Amino acid sequence: MKRATRVVTLLLGIAMVAFLVSGCLITEVIQSLVVAAGGEFTTKVTITDKTADANPHEGALAILTPDDWEFVSGTYDSQAGKGAFIADPNTPPVYGDLDGKLPAPAGMKWIRLLTDAAYTNEANVVHEANITLKVGSKTGDFMIGYMATKNSVDMLGSINPLNEDNDNAWADTSMNHKVTVSGAAAAAVIFNEAFSRGTADAPDYIELYNPSALPFDVSGYKVYDNGGQAGSKPKKEIPAGTVIAPWGFLAISVDNTGADSDFGLSSGGDKVWMETPAGAVIDSVEFGAIQPTESWQRIPDGGPWKLSTPLTRGTSNLPLKLNEAFSRGTDTDPDWVELYNSCADTLDISGYKVYDNGGQAGTKPKKEVPAGTKLAPKGFLVIVVDKTGADSDFGLGSGGDKVWLEDAVGAVIDSVEFGALETTQSWARKPDAGLWQLSTIITKGFTNGDPTGVATAPRVVEGYLLTQNYPNPFNPSTRIDFTLPRQAEVQVAVYNLRGEMVAELVNGRLAAGSHQLTFNAEGLASGIYIYTIRSGEFAAAKRMVLMK
């Protein structure tokens, strides 16, 4: 597929996209993997027609779904034309006996759609269809499928059911795309922090946290205190289109906004509820007195509640991070790990501990930060972990290792696992507290700088973009380029055709702009692989060929 994939915004959260397929018409499917019962989601199907057609025809698209799902709306956009999809009103369908050719399994049905106009087209035209579906009340995993014909005459005789390349086939399928329908009241978002000592300039707030790897749409969710619970005042509703990124945060000002739904949190203690648009309560928190410098926080994020400082509105409640690791130490410059304070307050890290597998297994003591150790805002602390003479020494393996960081009460707050390092390399977050990656510049005790692969002056782009890898086919390395419109959490991964992840190239926060990654497939067998990107409301995938 030559055309760049566009941003696709899902109504109830984007998960991993379905794989690219090798049939002649359906070349890409992007859809949600998780949706709440009764909710809606949008799926995008890219259809590439390699042959020209001088006769105008309506385009046909059918979707195999559970029998209680409904078609809500759909649009199409291509070089041939753009418009809306409509449900095929004909019995049998205009494009033929689909049930006879591909019978729907028990409990499933075909939703048959047509474009609202007929078109001719040149060769290699690309059509993008965006279809919104409403799922039913049944929960569980459902395997849905797609069928497209290049026009609305009965083309099913040449259907391409095995997804084999065939430029002359007039109909194509892409099957077995899993969608998980969860209970409507499933708590995919939770309270994470509450602050009750606000002012007119910095009001009381309640923070939400998405503890999953999927974006979550909180449109229409409501938060409220006793007034909303009793019905004596309106509940504070989250605006339409509000999506919390994977592992992301949303701080909601609950006072001094001028809205009728404002409710000030009592400095002596209060209780707050959260409910879904359907009115199901999914979380609540009750807390006591709070001082002006404190808030009530889950530590770690999503964990047990406790009174804590500093305030971490809209960010992680654990600002202390592992930031760099060096495993090729010598007697004069031993192995070390670096801690970083990502917040604007001084942190007391007395009694915090770092350790590797020995400390994790309990076979040796953990290396403890001395009492009275404080880390300045945006500051760094290097902990030498070998050759100090302490029983807690642990040398980092030059071939790879894993390190944990825990707080003074024994809660693990960060960990990192890395592979082999050369003597001139470290494993570092770039930027600080950001994405882990191999670094050829060792920055012991000071900033790691900008992420590798980002332009010196990154261009803020209009939208997301994942481009075709180059070269393709490749052996053994290829370059993958993508752009981000804003700083965001990003995952880029590579899968084989069985759906197994064979490499994770990125999993962390990156700056806005253009990025380049190199994928080295040495050790993998020749064949087709899928590379995917997931960031906020965007998900896309493309196919590449390893040819040895």
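Among the strands (runs of 3 or more DSSP E) lying completely within segment 201-260, list those that include at least 3 residues that are closer than 20 Å to G39 by Cβ.
Qualifying strands (runs of 3 or more DSSP E): none found.
I want to confirm something. Restricting to segment 377-389 and keeping residues that are assigned to a loop (DSSP other than H, G, I, E, B) and in contact with a strand residue (DSSP E or B) (Cβ under 7 Å, 6 or more places away or on another chain), which single residue is farthest from L320 (Cα to Cα)?
Only one residue tops the list, namely V385.
Could you identify the single residue in G358, G351 that is more than 24 Å from D201 (Cα to Cα), in the same structural domain as G397 (by TED's automatic domain parsing) and assigned to a helix (DSSP H, G or I)?
Going through G358, G351 in turn, just one is more than 24 Å from D201 (Cα to Cα), in the same structural domain as G397 (by TED's automatic domain parsing) and assigned to a helix (DSSP H, G or I): G358.
Okay, residues lined up against (1) at pLDDT 95 or above; (2) in the same structural domain as E207 (by TED's automatic domain parsing); (3) surrounded by fewer than 16 Cβ atoms within 10 Å (Cβ to Cβ):
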site: N256; (1), (2), (3): no, yes, yes
site: K271; (1), (2), (3): yes, yes, yes
site: A278; (1), (2), (3): no, yes, yes
site: V281; (1), (2), (3): no, yes, yes
site: T293; (1), (2), (3): no, yes, yes
site: Q297; (1), (2), (3): no, yes, no
site: P304; (1), (2), (3): no, yes, yes
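Just wondering, is there one or more residues in segment 492-505 that are surrounded by fewer than 14 Cβ atoms within 10 Å (Cβ to Cβ) and modelled with pLDDT of 80 or more?
For segment 492-505, residues surrounded by fewer than 14 Cβ atoms within 10 Å (Cβ to Cβ) and modelled with pLDDT of 80 or more: present.
Go through segment 60-111 and report how many residues are of a type in the set (S, T, N, Q) and within 21 Å of H177 (Cβ to Cβ).
3
Hey, does segment 393-409 have a residue that's crowded, with 19+ Cβ neighbours inside 10 Å, modelled with pLDDT under 90, of a type in the set (F, W, Y) and part of a strand (DSSP E or B)?
no
Considering each residue of segment 105-135, count those that are in contact with a Ser or Thr (Cβ under 9 Å, 6 or more places away or on another chain) and in a loop (DSSP other than H, G, I, E, B), and give that number.
Result for segment 105-135: 3.
With the requirement that a residue be assigned to a strand (DSSP E or B), without any contact (Cβ under 8 Å) to a residue 60 or more places away in the chain and in contact with a Lys or Arg (Cβ under 6 Å, 6 or more places away or on another chain), what does segment 462-517 give you?
Y470, G513 - these are the residues of segment 462-517 that are assigned to a strand (DSSP E or B), without any contact (Cβ under 8 Å) to a residue 60 or more places away in the chain and in contact with a Lys or Arg (Cβ under 6 Å, 6 or more places away or on another chain).
Quick one: N448 ticks every box in (1) at pLDDT 75 or above; (2) in a loop (DSSP other than H, G, I, E, B); (3) surrounded by fewer than 19 Cβ atoms within 10 Å (Cβ to Cβ) except a single one, so which number is it?
N448 satisfies all of (1) at pLDDT 75 or above; (2) in a loop (DSSP other than H, G, I, E, B); (3) surrounded by fewer than 19 Cβ atoms within 10 Å (Cβ to Cβ) except (3).
Considering only segment 78-132, state which residues are of a type outside the set (G, A, S), in contact (Cβ under 8 Å) with a residue 60 or more places away in the chain and surrounded by fewer than 16 Cβ atoms within 10 Å (Cβ to Cβ).
T120, E122, N124
Filter segment 48-59 down to residues that are part of a strand (DSSP E or B) and of a type outside the set (S, T, N, Q) and give me whichever is farthest from V179 (Cα to Cα).
The selected residue is A54.
Quick check, is I244 over 20 Å from E294 (Cβ atoms) and among the hydrophobic types (A, V, I, L, M, F, W, C)?
Yes: the conditions hold for I244.
The values are calculated or read from the model by the stated rules, or taken from the named source; none is laboratory data. Here the structure is a predicted model, which means the values were calculated and not measured. Cβ coordinates were reconstructed from backbone atoms using ideal geometry, including for glycine residues, and neighbour counts include every protein chain displayed.
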